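Everything below concerns the one structure shown next.
What follows is calculated from the coordinates using simple rules that are stated; it is not laboratory data. Since the structure is predicted, the reported quantities are computational estimates derived from the model, not experimental observations. As a convention, Cβ positions derive from the backbone with ideal geometry for all residues, glycine included, and neighbour counts pool all protein chains shown.
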Amino acid sequence: MKKSDITRKIINSICMVLCTFTLAMLITFWVDGDEASKEVPSPLPTPEATQEIAQNGFTIVIDAGHGGKDCGAVSPGGTIESALNLEVAKELEQILTKTGFKIIMTRTDENALGSTKSEDMKKRKEIMNTPHVDAVVSVHMNKFSDSSVSGPMVFYMQGSEAGQKLAECAIESICTRLERPTRSANPGDYFVIRESEAPAIIVECGFLSNSEDERLLLTKEHRLCLAEGIADGVSKFFS
Ligand SMILES: [Zn+2]
């Protein structure tokens, strides 16, 4: 082999090594670049996480009055109280939950809590007095012999200062939401407000004996407005 041939072979070999090296480097950069473009930023909070509501530490019992065979007040036209109570109670549950309250419902369907009235009341009392309950809101519809009487009323256990404060917050907020003149809270002595250890109120949403109240109570908008009013009052009481 000539000397010039050997030199050419060496040069060719060097060229081959350099080309292979350059190609390898190009592939590495291309792969890295591609991987970099695929890099996913740190995960964003999931919708569930962002929607998670911070609890405010207060627990409210919402009691939809009556249920089962005990349908409560009935309007001359046949509107039943127990069903409307449940509708308002459910709206209130949703609003207060979104506000950060922990809610315990005494009932979530049309059924009573027991087969007899005394069994039902005993069960309600047990639920109301669950440890760490901060307030009780019992939802009802009113009825009176004078059909001209209308509007919401809120009762508290006579002599209960905290109950009275809660009742005043509630009736004021309800009347504001319904754009009605503000009424006073009423003292009373009824099972639910008497037997509750936490401050308790009975919200009488309106009179089924009054045709205009009945008409309004049968609309979802009005029931939502009532629930918002009650919720405003509860929030005000705890703020
Ligand atoms: Zn009732």
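A few comments on the model shown:
- Residues within region 60-81 that are assigned to a loop (DSSP other than H, G, I, E, B), surrounded by 17 or more Cβ atoms within 10 Å (Cβ to Cβ) and more than 14 Å from the ligand (Cβ to nearest atom), tallied: 0
- Residue that is farthest from the chain's Cα centre (by Cα), among those in region 128-144 that are surrounded by fewer than 17 Cβ atoms within 10 Å (Cβ to Cβ) and touching a residue at least 24 places away in the same chain (Cβ under 8 Å): F144
- Hits in region 76-95 - residues which are out of contact with any Lys or Arg (no Cβ under 9 Å at 6 or more places or on another chain) and of a type in the set (A, V, I, L, M, F, W, C): I80, A83, L92, I95
- Among (1) within 16 Å of the ligand (Cβ to nearest atom); (2) touching a residue at least 40 places away in the same chain (Cβ under 8 Å), the one test that N186 misses: (2)
- Qualifying residue in region 51-59 (condition: out of contact with any Cys (no Cβ under 9 Å at 6 or more places or on another chain), assigned to a strand (DSSP E or B) and buried (at least 16 other Cβ atoms within 10 Å of the Cβ)): yes
- Evaluating S160 against the criteria (1) within 16 Å of the ligand (Cβ to nearest atom); (2) surrounded by 18 or more Cβ atoms within 10 Å (Cβ to Cβ); (3) closer than 24 Å to P131 by Cβ; (4) over 24 Å from the mean Cα position of the chain (by Cα) leaves one unmet condition, (1).
- For region 193-218, a residue qualifies if it is within 13 Å of the ligand (Cβ to nearest atom) and farther than 14 Å from G65 by Cβ, and the qualifying residues are F207, S209.
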